Amino acid sequence: MESHARVATDKAARYMIQLAKHWSHKFEVTYDETSALFPLPLGTCRMVAHADGLDITVEAADLEGLARLEDVVAKHLDRFAFREGELKYGWTRAWAAGTVDPRAMRINAVH
């Protein structure tokens, strides 16, 4: 399962690199000036920094792990962006072809 967010900020590269340096003490992080890959115990996080925002993709094995990973990434970035206030993430989740979003099943349920 994947989830994507586009965070509007003119400090995208700065926050991404701060997070990469922070997590590189515990994990095998790969990063440069415009992208980062974070293999974490909960799943994987990829980031691409642009002049006007940060693209974030998190991937986890299940919905619970995905929600936790979204939260962990957001909380860490918010700490680095404290001068901007809380960033807005608007996570959009994606399911692999052939799988079903469990919440969508209720919409089509027959009563």
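Of all residues in the stretch 3-15, which are open to solvent by 50 Å² or more (accessible area, probe 1.4 Å) and part of a strand (DSSP E or B)?
Step one: of the stretch 3-15, the residues open to solvent by 50 Å² or more (accessible area, probe 1.4 Å) are 4, 6, 8, 10-11, 14.
If the condition is that a residue be open to solvent by 50 Å² or more (accessible area, probe 1.4 Å) and part of a strand (DSSP E or B), then 4, 6, 8 are the ones that fit.
Looking at the stretch 16-35, which of its residues are under 15 Å from residue 74 (Cα atoms) and open to solvent by 10 Å² or more (accessible area, probe 1.4 Å)?
17, 18, 22, 23
What tally of residues in the stretch 53-66 results from selecting those that are out of contact with any Leu (no Cβ under 6 Å at 6 or more places or on another chain) and over 20 Å from residue 16 (Cα atoms)?
Total meeting the criteria: 4.
Within the stretch 16-36, does at least one residue satisfy the condition of being assigned to a strand (DSSP E or B) and of a type in the set (A, V, I, L, M, F, W, C)?
Taking the stretch 16-36 and keeping what is assigned to a strand (DSSP E or B), we get 30-31, 35-36.
Within this subset, residues satisfying the condition of being of a type in the set (A, V, I, L, M, F, W, C) are 36.
Yes.
The values are calculated or read from the model by the stated rules, or taken from the named source; none is laboratory data. From a predicted model like this one, the values you see are computed outputs, not experimental measurements. Quick reminder, even Gly has a Cβ in these numbers, built from the backbone with ideal geometry, and neighbours come from all protein chains shown. Please note that ligands, DNA and RNA were not included when accessible areas were found on the heavy atoms of the full protein model with its side chains. Shrake-Rupley method; radii C 1.70, N 1.55, O 1.52, S 1.80 Å.
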